[in-house]
1. Quick check on segment 71-117: of everything there that is in a helix (DSSP H, G or I) and over 25 Å from Thr3 (Cβ atoms), which residue is nearest to the chain's Cα centre (by Cα)?
2. Can you pull out every residue in segment 1-35 that is of a type in the set (Val, Ile, Thr) and either at positive phi or not in a loop (DSSP other than H, G, I, E, B) (or both)?
3. Against the conditions (1) at pLDDT 95 or above; (2) within 20 Å of Arg86 (Cα to Cα); (3) hydrophobic (A, V, I, L, M, F, W, C), where does Phe23 fall short? Just the number, please.
4. Go through segment 1-17 and give me each residue that's open to solvent by 40 Å² or more (accessible area, probe 1.4 Å) and farther than 11 Å from Arg69 by Cβ.
5. May I ask you to list the residues in segment 43-61 that are surrounded by fewer than 18 Cβ atoms within 10 Å (Cβ to Cβ) and farther than 13 Å from Ser98 by Cβ?
6. Suppose we keep only residues that are open to solvent by 70 Å² or more (accessible area, probe 1.4 Å) and among the β-branched types (Val, Ile, Thr) within segment 73-117. Which one would you say is modelled with the highest pLDDT?
7. Could you check segment 58-70 and list, in sequence order, the residues that are in a helix (DSSP H, G or I), out of contact with any Leu (no Cβ under 8 Å at 6 or more places or on another chain) and within 16 Å of Ala26 (Cβ to Cβ)?
Amino acid sequence: MATKQHCAYCFSVLLAQLQHTTFDVAPTFDTSTEYPLFVTWNKQGSDGQEQLRGCIGNFSPMNLATGLREYAITSAFHDTRFSPIRAREVPQLSCSVSLLTDFEDANGYLDWKVGTH
């Protein structure tokens, strides 16, 4: 399950990148596990609603610290649907982390049943 520590780690990565400083924050979570994962950045709009600013991840298991570091940056700066996140946006940002689990083998992309998958 994703935790606040995972999101805080992503914010630390983002801030280091925006400030052009070396990232040297040690993870405060178990780094021995591997997950497929996604990192999502949302920005609170002037109307109070959250607006997507970036979301990228992958379906292959990765070391958690490495994956969060990579996809925090990729989703913040390389999601081609959006301009790169700027430092002035940080106070309005929120982060969510999705750790994917319980995959099942399938015969194809239509191999699922409504209400079951």
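The values are calculated or read from the model by the stated rules, or taken from the named source; none is laboratory data. Treat the numbers as computed from the prediction; the structure is a model and nothing was measured. Note that each Cβ is placed from the backbone with ideal geometry, even for glycine, and that neighbours are counted across all protein chains shown. Note: accessible area is taken over every heavy atom of the protein model, side chains too, but ligands, DNA and RNA are not part of it. Shrake-Rupley method; radii C 1.70, N 1.55, O 1.52, S 1.80 Å.
1. Going through segment 71-117, the residues in a helix (DSSP H, G or I) turn out to be 71-77, 87-92.
With over 25 Å from Thr3 (Cβ atoms) added as a condition, the list becomes 87-88.
Details: Ala87: 18, Arg88: 20 Å.
Applying the filter and picking the extreme gives Ala87.
2. Narrowing segment 1-35 to residues of a type in the set (Val, Ile, Thr): 3, 13, 21-22, 25, 28, 31, 33.
Val13 - this is the single residue of segment 1-35 that is of a type in the set (Val, Ile, Thr) and either at positive phi or not in a loop (DSSP other than H, G, I, E, B) (or both).
3. (1)
4. Met1, Thr3, Lys4, Gln5, Ala8, Phe11, Leu15, listed by residue number.
5. Gln44, Gly45, Ser46, Asp47, Gly48, Gln49, Glu50, Gln51, Leu52, Ser60, Pro61
6. Thr80
7. Let us first name the residues in segment 58-70 that are in a helix (DSSP H, G or I), namely 64-70.
Among the residues that remain, those that are also out of contact with any Leu (no Cβ under 8 Å at 6 or more places or on another chain) are: 65-66, 69-70.
Within segment 58-70, Ala65, Thr66, Arg69 qualify.
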